[in-house]
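Okay, structure first, notes after.
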Amino acid sequence: MADSTQNTKRRVEEILWSEGLLTEDQIRETLAEQRRANLFINEALVRLGYVSEEQIAGAISKRCSLPSLRAEQYEVSKDVLDVFPETMLREYQFIPLDRIGDVLIILGATLLDRDVLREIQRLSGCQIYQYVGTWTDIRQAIDRLYRKKEGEGEDLTSLGKLLLSEGESVETPATEPAPPTAPPRMQEPAAPEAGTAASAKPRKGLLNLFRKK
């Protein structure tokens, strides 16, 4: 599995131009719109109507040898989702999918620049391998995942309140101390019968069973 940082020097607009999807004039207009509206290059291209999100994803996938994927085709690992703040995912248009060994698999809508990839590597401690998708699909997946997380948090809060209220409603009856008992009388040990030896009962130990999952 190759590290996706090798594609950071390639620019989306150059890839689209090489695929015959953009002209030089359209690239200049797109760059001006990107600066004016503070957009990602792919957002500016779609806003101007030069290409679709699907065309951008297809061109990146083809030229950079990166597989394409829809977010709904992969179940996102909660462990890797928790590594990154939600604002970072939305700002840089990617979502972490899974960790396999020391490789973090992400789904991105564009080619991430070197500084962003370094930050992802720093936070995850992994090399990065990227799948390509559309920003609309990734944004919808982020919305779904964080709605699900908020719902789980509310469920846990409600459960905690329920357990607390039940614990407060149960009154533990006071127990009176048991009356002191007289010490047992000392008795002479009975002598064993002639021709028999005194026997002792074996002590039974406790057997603990651990079920391995």
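Some points to look at:
- The stretch 68-158: radius of gyration over Cα atoms, expressed as a fraction of 2.2 N^0.38 Å: 1.06
- In this label model, R90 and T23 are separated by 3.8 nm, measuring between points 7 Å along each Cα→Cβ vector.
- Cleavage-rule hits, GluC sites (Glu not before Pro), the stretch 75-136, DSSP coil, Cβ neighbours within 10 Å at most 13: E75
- The HN-Hα couplings worked out from phi for the stretch 48-55 by the Karplus form 6.51 cos²θ - 1.76 cosθ + 1.60 (θ = phi - 60°) are 7, x, 7, 9, 9, 4, 5, 5 Hz, whole numbers, x standing for Gly and Pro.
- Sorted by Cβ density within 10 Å, fewest first, the residues L31, L111, L21: L31, L21, L111
- Loop-located trypsin sites (Lys or Arg not before Pro) in the stretch 1-106 whose Cβ has at most 15 other Cβ within 10 Å (DSSP): K9, R10, R11, R70
- Placing a pseudo-label 7 Å from each Cα along the Cα-to-Cβ vector at L31 and R139 gives an inter-label distance of 2.5 nm.
Here, each number is a calculation from the coordinates, and none is a lab measurement. Just so it is clear, the model here is predicted, and its values are computed rather than measured. Don't worry about glycine lacking a Cβ; one is built from the backbone with ideal geometry, like all the others, and counts go over all protein chains shown.
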